[in-house]
Amino acid sequence: MDVSFQAHTATKKVRSDSASVKMLGIPLFVFATAFASLSIIIGLIWDISWHTSIGRDGLLSPPHLGMYLGAIVSGLFSGYQVLKTSFWGSKEVKQRSVRFWGIFSGSLGALFCIWGCFAMLTSAPFDDWWHNTYGLDVTILSPPHTVLLLGMMMVQFGAMISVLAMQNQTIPAGLSALQENKRNRLLRTIYVITSGFFLVMLYTMASEFQSRHDMHGGTFYIVGGLLYPFFLSAIARSSKLKWAATATAGVYMLVLMLLAWMLPLFPAEPLLGPILNDITHYQAFDFPLLLIIPAIAIDMIMQRKEENNKWLLALMIGPLFVLLLLAVQWPFGDFLMSPYARNWFFAQESWYFGSNPDWEYRYAYAPWMVSSGWPLIKSLLIAGGISILTTRLGLHWGGWMKKVMR
């Protein structure tokens with residue numbers, strides 16, 4: 001009897017080891033959370049396009065279902081991973097996990113995903129009640145949207161941390177040298193992909209200050225200096241990929257461009273009045289910022305000066321980021337206003353159904369949108385100062401993420 005039981009147990013272990021080798025020692029929930037992050041981003045951008053093209057949406061509108069799918073997938077797979085580790089995991093596995101409430105053990109990334117899932121699903125009825133009570137949102141950051149955004153960011157951050165933990169851990173036994181290399185390349189790739197999804201989220205949160213009508217104003221560069229150097233510096237320091245910031249910015253641009261090209265292919269008509277712009281298909285979201293240019297500079301500096309004092313690095317990266325952002329986005333803003341950008345590729349004909357399509361500043365900068373002289377210089381100095389601080393914080397955060405192993 002004992003011999004039979006031991007043989008059965010050994011067979012199960014062999015099958016388990018074999019499956020682990022096929023997955024290169026990467027748990028399934030890591031792939032699931034990366035998918036969840038993508039589903040959330042698609043649902044989010046689709047939802048913005050829905051509001052711009054159709055108007056009021058319901059609790060179970062298709063874009064919302066896309067976001068909920070991301071929440072449920074991340075919650076289920078991460079929850080299963082935590083329960084499996086807590087109640088059936090070996091002592092070694094539990095020692096490599098984060099313990100909480102004295103009962104549960106799991107990876108930090110899985111915990112973030114579970115918390116994010118609960119926040120997202122809680123925000124859904126809250127958002128529906130808010131719309132029924134107050135009508136349409138006039139801003140992206142309404143209270144229910146803020147809860148939803150925090151939940152989505154937790155899921156996306158959980159996906160990033162889950163990959164990082166795998167990257168920083170010891171490579172599991174049983175893999176050949178070829179499989180080890182394949183595993184390392186795969187983890188580095190998934191990390192910059194999930195980071196790119198997170199960058200899309202950051203941009204969307206700040207998009208009210210980052211449109212083409214904002215590119216000649218000082219606030220555009222202050223907001224840019226606040227967000228992007230922080231995140232891209234952190235990614236460049238925490239990733240083992242040589243061009244991590246560049247790849248992350250590339251993923252961000254690719255996702256936004258693909259959605260700007262694909263959504264207008266589908267029919268859509270406004271269902272709320274007043275309808276000032278009579279449209280027949282989805283209106284695209286923003287064309288992405290050209291963040292890949294300053295991201296290349298961040299990677300080049302990090303490759304040559306990473307071991308330098310981090311404040312010195314921040315002094316080099318922060319102001320250079322703002323100057324490069326100014327150098328590419330100011331003329332690019334002029335281009336986006338021109339007739340050359342009114343096509344399917346740049347999608348600058350996209351316009352809210354409730355806005356007058358004949359507005360004189362639809363394709364031009366109104367005087368109040370343009371900063372010049374001392375106000376512009378002052379804004380750039382503020383953006384430069386902020387970017388130094390945020391870059392330093394990003395480098396510190398990246399150093400912490402580099403050590404995450406649970």
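The values are calculated or read from the model by the stated rules, or taken from the named source; none is laboratory data. Just so it is clear, the model here is predicted, and its values are computed rather than measured. Because the Cβ atoms are built from the backbone with ideal geometry, glycine has one as well, and the counts that use them run over all protein chains shown. Only protein heavy atoms, including side chains, enter the accessible area calculation; ligands, DNA and RNA are left aside. Shrake-Rupley method; radii C 1.70, N 1.55, O 1.52, S 1.80 Å.
Key figures
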quantity: So SER379, is it touching a Ser or Thr at 6+ places or on another chain (Cβ under 8 Å) and assigned to a loop (DSSP other than H, G, I, E, B); calculated: no
quantity: Set ALA364, ALA327, ALA347: member being assigned to a helix (DSSP H, G or I) and not polar (S, T, N, Q); calculated: ALA327
quantity: Candidates VAL251, VAL163, VAL223, filtered to the one that is open to solvent by 20 Å² or more (accessible area, probe 1.4 Å), at negative phi, among the β-branched types (Val, Ile, Thr) and over 14 Å from the mean Cα position of the chain (by Cα); calculated: VAL223
quantity: Test for SER338: is it farther than 30 Å from MET401 by Cα and touching a residue at least 40 places away in the same chain (Cβ under 8 Å); calculated: no
quantity: Extreme residue, modelled with the lowest pLDDT, among residues of the range 166-214 that are in contact with a helix residue (DSSP H, G or I) (Cβ under 6 Å, 6 or more places away or on another chain), more than 30 Å from TYR361 (Cα to Cα) and among the hydrophobic types (A, V, I, L, M, F, W, C); calculated: ILE171
quantity: Enumerated helices (runs of 4 or more DSSP H) restricted to the range 25-103, each holding at least 1 residues that are of a type in the set (S, T, N, Q), surrounded by fewer than 17 Cβ atoms within 10 Å (Cβ to Cβ) and over 16 Å from the mean Cα position of the chain (by Cα); calculated: 91-95
quantity: Any chance PHE230 is open to solvent by 10 Å² or more (accessible area, probe 1.4 Å) and not in a loop (DSSP other than H, G, I, E, B); calculated: yes
quantity: The range 315-358, subset polar (S, T, N, Q) and over 21 Å from PRO270 (Cα atoms), residue surrounded by the fewest Cβ atoms within 10 Å (Cβ to Cβ); calculated: ASN343
quantity: Near pairs, Cβ below 6 angstrom, 6+ apart or cross-chain, from the range 106-126 (free of Cβ contacts under 8 Å to residues at least 40 places away in the same chain) to any residue that is of a type in the set (A, V, I, L, M, F, W, C) and open to solvent by less than 30 Å² (accessible area, probe 1.4 Å); calculated: GLY106/VAL82; SER123/LEU148
quantity: All positions within the range 292-314 that are of a type outside the set (Asp, Glu) and either open to solvent by less than 50 Å² (accessible area, probe 1.4 Å) or touching a Gly at 6+ places or on another chain (Cβ under 7 Å) (or both); calculated: ILE292, PRO294, ALA295, ALA297, ILE298, ILE301, MET302, LYS310, LEU313, ALA314
quantity: Every pair of residues 6+ apart whose Cβ atoms lie under 7 Å, when the first sits in the range 21-46 and is farther than 15 Å from ILE161 by Cα while the second is hydroxyl-bearing (Ser, Thr, Tyr) and surrounded by 20 or more Cβ atoms within 10 Å (Cβ to Cβ); calculated: LEU44/THR204
quantity: Residue within the range 173-181 that is under 24 Å from ASP299 (Cβ atoms), of a type outside the set (A, V, I, L, M) and surrounded by 24 or more Cβ atoms within 10 Å (Cβ to Cβ) present; calculated: no
quantity: Contacts under 6 angstrom Cβ, first residue in the range 47-65 being modelled with pLDDT of 90 or more, partner surrounded by fewer than 18 Cβ atoms within 10 Å (Cβ to Cβ) and not acidic (Asp, Glu), 6 or more apart; calculated: THR52/TYR352; ILE54/LEU271
quantity: Residue within the range 183-204 that is open to solvent by 40 Å² or more (accessible area, probe 1.4 Å), more than 16 Å from ALA244 (Cα to Cα) and in a helix (DSSP H, G or I) present; calculated: no
quantity: Boolean, ALA124 is more than 26 Å from ASN168 (Cβ to Cβ), small (Gly, Ala, Ser) and modelled with pLDDT of 90 or more; calculated: no
quantity: Qualifying positions in the range 266-299 - more than 19 Å from TRP344 (Cβ to Cβ) and outside any loop (DSSP other than H, G, I, E, B); calculated: ILE292, ILE293, PRO294, ALA295, ILE296, ALA297, ILE298, ASP299
quantity: Candidates ALA268, ALA236 - the one that is more than 14 Å from the chain's Cα centre (by Cα) and modelled with pLDDT under 95; calculated: ALA268
